[in-house]
Amino acid sequence: MFNFDLKKAAIFQAVRWERIPIFRFAKLKKKLFLVLFIFTFLAFLYGFLFENFSQILNKRLLGLSIIFFVLAVYFWLKESFLNSKLKKPELKVKIEEVLKEPEKYNLAEFLSFEVAKAVDKSIKFVKSKKLSEINSSILFYFLLIDNQKLNFIFSRVLLSLKEIQKILESHFRILKSEAVDFRPQQPYSKDFQDSILESLKIAQKKGHLRIELGDILTALAKYDLIFKKILIDANLKVEDIENLTWWLEDLEEKIEERKRFWEWKNLIKKGSLAKEWTAGYTITLDRFSIDLSELVRRQGFPEIIGHKKEIEAMERILSRKEKNNVLIVGEPGSGRKSMIYDLAKKSVLGESLPEVNYKRVVQLDLPTILAQTESLEEVEVILDTIFRETISAGNVILVIDELHNFVGLPGLPRPGTIEISGVISPYLPLPSFQIVAITTFEGLHKNIEQNPSILALFEKVEVSEISERETLMLLENLALQLEAKYKKFVSYPALRDIISYCSKYLPATPFPEKAMDLLDEVVIDVSQLKEKIVVPKHVAKVVSEKTQIPVGEIEIKEREVLLNLENLIHQRIIDQEEAVREISAALRRARAKITIRKAPLGSFLFLGPTGVGKTETSKALAEIYFGSEERMIRLDMSEFQTISDIARLIGKP
């Protein structure tokens, strides 16, 4: 049984009270009286200080300003009471318990104010039209009517709220009225019930106390037939709506957090007075380093996405009494540096472990030291001074980037590299000397592992690329920055395609770097084209230029090639009907995106004696579809017959 009665829910009181003029117009009146207070008080100050008004007029202005101020405070209190108390009634049961036995609880109790208001209007609409039940489309319509912030979601997917409302209104016109008493046992349709239950699950997943606007919208995308058709026509999925609601909620949370300027987290961001004076001087270190703590402070403490477990492991290692040096191992572009920035941010804000909090995270600039010195002995003297300053200061975590260029170097050092093992090794065992070093897997195996005594003093933290979901969150933040910089609008489908194409066509570089670089390149390309909106076709164009592989929507010329691929290949290949047919069908499937995502476009094994056209078929395909025979990479396996040839094929270990 579906237990849902809005009038018996505590949130319904907020819906009722919000309709009363004193609450309904509280925000408007608060602003009005605040403006009047400022105007009259400034007029009073002008008359009082410059003696331009009479004493009686000054008294009246002062009195009016006090009255306006009191009224502004009064309506501010009314607004705060409505928002903090009435709109957020205390819940006696958690959503986790409700989902176990939903029929035991009035599910309307767990609606947020916006959702409850839309349900209330849906009930009134059904009564006025004398319909037999409330369905999900009616709820969807009133959610759109009353919540203009949803325009953020639909504009990002290039959909118009007004057009969607017109579609829903045209649907309502064909609904038949029935002469029924609106109190049946189940006044809610199946899709409405499914949407409410699904939104509870989504709210639990997101950690919400009640069903928020984004939760119900995602559920409606899954169960409402009209909404589903709109998404299908726009080439969208339920996951896309869910991702967009995450984005909107994240932005709202950041805005609300900034408003609470009095909280400790916001106050500490403003900095402290002479906190660094409590530590020792680091004159030489400051000359040859980059203060990452100060850098993240100037950048406004940017949010770092991904690698949460790796960052926690790094903090634990730095907090040890022994072997408290971290070696971050990962490929360039996987987010190794972002981990250091997050460490610096948490240290400045005091959000890390006690042994890490309020310490400066400083990156040693070894290339600058090498550029400004003439001999190895001079470098060693400077490094020894820096390491001693680090220990005496007591508030420094030292960062060394690309450690493999400075430790375990085989043979003579290359330009820009130097062997520092002898200088640094006496300091690494000291508890007061904390280092975070960064290297690659190749650098670890080729160089650092050649010096086991140094490696034994580090604890490794391996870093892999972040997930596609985390990359999307990062792109969403980056898109807002690029929009402000280039005055362009980045659509959500463009972001989605960037991740898809990067995963499929740019495997050499890890996430998130390849996705960030591609987004930057696409926005610049759109700026050059003098267009205003970044859409999927722009992403496809840039990816096609970078990879020389046709992607995106199939154009007329490519469509003709695909449809006539068999005939075009047969212009160079005689017979071989089955092989040509299979190749052509595989390419058409791949371009229509009805193939396995991670697999190649096609994998074929051509069997036959010499001279029947196996190699020629491959050459013909490369020239006809990819533009040139040079687009084919040919490996003659007769050249790789011995064990010693393996290194030439896959590279030396």
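The values are calculated or read from the model by the stated rules, or taken from the named source; none is laboratory data. Treat the numbers as computed from the prediction; the structure is a model and nothing was measured. Glycine also receives a Cβ, built like all others from the backbone with ideal geometry; neighbour counts cover every protein chain displayed. Surface areas here come from the heavy atoms of the whole protein model, side chains and all, with no ligands, DNA or RNA. Shrake-Rupley method; radii C 1.70, N 1.55, O 1.52, S 1.80 Å.
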>> Looking only at the range 608-650, how many residues end up being modelled with pLDDT of 85 or more, open to solvent by less than 70 Å² (accessible area, probe 1.4 Å) and not in a loop (DSSP other than H, G, I, E, B)?
In response: 10
> In the range 493-534, which residues are among the hydrophobic types (A, V, I, L, M, F, W, C), open to solvent by 30 Å² or more (accessible area, probe 1.4 Å) and not in a helix (DSSP H, G or I)?
Replying inline: L506, A508, L529, I533
>> As an exercise: evaluate L220 against (1) at negative phi; (2) not in a helix (DSSP H, G or I) and give the number of the one condition it does not meet.
In response: (2)
> What residue, among those in the range 123-154 that are of a type in the set (S, T, Y) and over 34 Å from the mean Cα position of the chain (by Cα), is surrounded by the fewest Cβ atoms within 10 Å (Cβ to Cβ)?
Replying inline: S128
> If only one of E312, E374, E322, E355 is in a helix (DSSP H, G or I) and open to solvent by 30 Å² or more (accessible area, probe 1.4 Å), which one is it?
Replying inline: E312
> Counting only residues that are open to solvent by 30 Å² or more (accessible area, probe 1.4 Å) and among the aliphatic types (A, V, I, L, M), how many does the range 462-477 have?
Replying inline: 2
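Matching residues to (1) more than 27 Å from E476 (Cβ to Cβ); (2) among the β-branched types (V, I, T); (3) at pLDDT 95 or above:
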residue	(1), (2), (3)
W264	yes, no, no
G271	yes, no, no
S289	yes, no, yes
A344	no, no, yes
L353	yes, no, yes
V361	no, yes, yes
D365	yes, no, yes
> So which residues in the range 588-607 are within 16 Å of Q576 (Cβ to Cβ) and either modelled with pLDDT under 85 or surrounded by 10 or more Cβ atoms within 10 Å (Cβ to Cβ) (or both), if there are any at all?
Replying inline: G602, F604, F606
> Inside the range 84-116, can you point out the residues that are within 18 Å of L213 (Cα to Cα), part of a helix (DSSP H, G or I) and open to solvent by less than 50 Å² (accessible area, probe 1.4 Å)?
Replying inline: L86, I95, L107, A108, F110, F113, V115, A116
> If you check E462, E483, E470, which single one turns out to be at pLDDT 95 or above, charged (D, E, K, R), within 30 Å of L364 (Cα to Cα) and touching a strand residue (DSSP E or B) at 6+ places or on another chain (Cβ under 8 Å)?
Replying inline: E462
>> Cβ-Cβ under 7 Å, sequence separation 6+ or interchain: first residue in the range 36-64 and closer than 19 Å to F75 by Cβ, partner surrounded by 12 or more Cβ atoms within 10 Å (Cβ to Cβ) and among the β-branched types (V, I, T). Which pairs?
In response: L64/T40
> Among the numbered criteria (1) of a type in the set (S, T, Y); (2) under 17 Å from Q576 (Cβ atoms); (3) within 41 Å of the chain's Cα centre (by Cα), which single criterion is violated by T610?
Replying inline: (3)
